[in-house]
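A.B. asks: Got a structure for you, written out below as structure tokens; questions coming shortly.
Read-outs: derived from the displayed coordinates by stated rules, not from any lab. Keep in mind it's a predicted model, so treat the numbers as computed, not measured. Reconstructed Cβ throughout: ideal geometry from the backbone, glycine too, with neighbour counts over all protein chains shown.
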Amino acid sequence: MTYDFWYWPGIPGRGEFARIALEAGGIPYRERGRDEGADVWAKRDSYDATPPYAPPWLDTGELVIAQTANICLFLGDEHGLAPDGRKGRLWTHQLMLTIMDVTAEAHDTHHPIASSAYYDEQKDAAARRAEQFRKERIPKFLVHFQKALGTDLLFGGVTWSYADTGFYVLMSGLCHAFPKRMAALEDEFRPLFAHRDRIAKLPELQDYFKSERCLPFGEGIFRHYPELDGAD
Ligand SMILES: N[C@@H](CCC(=O)N[C@@H](CS)C(=O)NCC(=O)O)C(=O)O
């Protein structure tokens, strides 16, 4: 069974959280939004049953599943990318939802007023939002993840789960967007950086990282604007 995966072409974006789970799980998929002439909105509008609001979504032929964390939940259940038991399954989903919360906040640092407006039109608000995100929100989330890493379940209680691969994308994205801030936090959150590095070395992901399917962050959610970064 080969899934159709739909996301915007040219950027990893939110799609990356689901894509990396597909890749790490060795799950066959087609990246349909990157097809020549693909029209993501037109495809979205073509669905009558369980229509997605926005990409990413996964089309299994039988099911159409949107919301990044929901796609990961499905992949976890269907392909063993999360623990079997109720507790571990819920915990993994909980972590993934939190990862997506941070991701939404990271996006809002450069687009705090409107996603549809240019960054240049909201630079002042972006500077305020980014400062707050750097100073308060990043450390608060990292404290939480570091505590999570120390629980008996780790990130799912299995070798790795989709929450671990999602966490890898999050940490990489934050380091791309806020290199100075993340460097300043490295000592305090060393176990989290080590966890990111562990996931980066998963044998299951090495071919993907070398492939053209793996895109650099660039103009997506995790954007690097030097003026939005700082050591504190
Ligand atoms: N909560 C959703 C958010 C989906 C979302 O915002 N997708 C973006 C791309 S990353 C989009 O195309 N949004 C269009 C819109 O909101 O109008 C998820 O996690 O999948």
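A.B. asks: For the chain, give the share of DSSP beta bridges that are antiparallel, in percent and rounded to the nearest 5; count only bridges with both residues there. Intermediate results must be reported in sequence, preceding the final value.
C.D. replies: Numbers: 6 of 9 bridges.
Bridges in the chain that DSSP calls antiparallel: roughly 65 percent.
A.B. asks: Which of rounded, prolate or oblate describes the chain when judged by the alpha-carbon gyration tensor and an a/c cut-off of 1.5? Could you put the intermediate results ahead of the total?
C.D. replies: Details: a/c = 1.75, a/b = 1.14, b/c = 1.53.
It comes out oblate by the Cα gyration axes.
A.B. asks: For Cα pairs less than 8 Å apart in space and 6+ apart in sequence, what is the mean separation divided by the residue count of the chain, i.e. the relative contact order in percent? The partial results should precede the final answer.
C.D. replies: Working: 317 pairs, mean separation 56.3, N = 232.
The normalised contact order for the chain reaches 24 percent.
A.B. asks: Would you mind telling me the antiparallel percentage of the DSSP bridges in the stretch 3-79, rounded to 5? Provide the component values of the computation, followed by the final result.
C.D. replies: Values: 6 of 9 bridges.
Antiparallel bridges make up about 65 percent of those DSSP assigns within the stretch 3-79.
A.B. asks: Continuing with this model, one more query. Label 7 Å along Cα→Cβ of ARG34; the stretch 58-76 residues with amide nitrogen under 18 Å?
C.D. replies: 58-59
A.B. asks: Could you give the radius of gyration (one decimal) and Dmax (whole number) of the Cα atoms in the stretch 3-79, in Å?
C.D. replies: Rg, Dmax (Cα atoms, Å): 11.4, 33.
A.B. asks: Between ARG213 and SER115, 0.36 nm times their residue separation minus their Cα-Cα distance comes to what?
C.D. replies: Numbers: separation 98, 0.36 × 98 = 35.28 nm, distance 2.56 nm.
Full extension of this stretch gives 32.7 nm more.
A.B. asks: Using 32 Å as the Cα-Cα cut-off, could you pick out the over-long pairs in LYS43/LYS135; LYS123/LYS210; LYS135/LYS201; LYS180/LYS210; LYS147/LYS180? Can you show the working numbers first?
C.D. replies: Working: LYS43/LYS135 40 Å; LYS123/LYS210 35 Å; LYS135/LYS201 30 Å; LYS180/LYS210 26 Å; LYS147/LYS180 23 Å.
Flagged as over cut-off: LYS43/LYS135; LYS123/LYS210.
A.B. asks: A further question on this structure: Just to be sure I understand: with springs between alpha-carbon atoms less than 10 Å apart, which residue in ALA106, ALA163, ALA117 has the highest mean-square fluctuation in the Gaussian network model of the chain?
C.D. replies: Result for the chain, Cα springs under 10 Å: ALA117 fluctuates most.
A.B. asks: Given R₀ = 35 Å, what would the calculated FRET efficiency be for GLU186 paired with THR159, taking r from the Cβ atoms and rounding to 0.05? Don't jump to the answer; show the numbers that get you there.
C.D. replies: Values: r = 25 Å, r/R0 = 0.72.
Given R0 = 35 Å and the Cβ-Cβ separation, E is 0.90.
A.B. asks: A further question follows. With point charges of +1 on the Cβ of Lys and Arg and -1 on the Cβ of Asp and Glu, referenced to the Cα centre of the stretch 86-204, which listed residue (PRO139, SER172, HIS110) lies farthest in the positive direction of the dipole?
C.D. replies: PRO139
A.B. asks: Report the calculated FRET efficiency for ALA42 and ASP197 (r = Cβ-Cβ distance, R0 = 35 Å), to the nearest 0.05.
C.D. replies: With R0 = 35 Å, the Cβ-Cβ based efficiency is 0.30.
A.B. asks: Efficiency by 1/(1 + (r/R0)^6): what FRET value for LEU90 and LYS140, r their Cβ-Cβ distance, R0 = 22 Å, to the nearest 0.05? Please list the in-between numbers first.
C.D. replies: Values: r = 22 Å, r/R0 = 1.01.
For R0 = 22 Å, the calculated efficiency reads 0.50.
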